[in-house]
Amino acid sequence: MKYETGVQEIGVTFFQDTNVLNSIIIQPGSTSNFTIKNFTSIQITTGSGLHQGEFCITVSYQL
């Protein structure tokens, strides 16, 4: 995740059904790389104001 501009941190939470698997906090002007397996949903939480950045997901399949 690349968080280019904004005034507050962004929270990224990964869930498996209703259980939280992992949470990541990203500050403005920073990037974060992570690997999370077996999640069913993602929640991105931001404060008020304008935010700009990128979120990229690469899917992998077991051979």
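Every read-out reported here was derived from the displayed coordinates using simple, explicitly stated rules and does not represent laboratory data. No experiment lies behind these values; they were computed from the predicted model shown. Cβ: placed from backbone, ideal geometry, glycine included. Neighbour counts: every protein chain shown.
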Cα-projected label distance for Thr13 with Ser32, points at 7 Å along beta-carbon direction, nm: 1.3
For the chain, the longest site-free run once chymotrypsin sites (Phe, Trp or Tyr not before Pro) in DSSP loop states with at most 14 other Cβ atoms within 10 Å are removed: 1-33
Inter-probe distance in nm under a simple model that places probes 7 Å from Cα toward Cβ, at Tyr61 and Thr5: 4.0
Under Karplus coefficients 6.51, -1.76 and 1.60, residue-wise ³J(HN,Hα) of region 23-40 in Hz, glycine/proline x: 10, 10, 10, 10, 8, x, x, 10, 10, 8, 10, 7, 10, 10, 10, 6, 8, 10
Region 2-54: C-alpha gyration tensor shape, a/c 1.5 cut-off, then a/b vs b/c: prolate
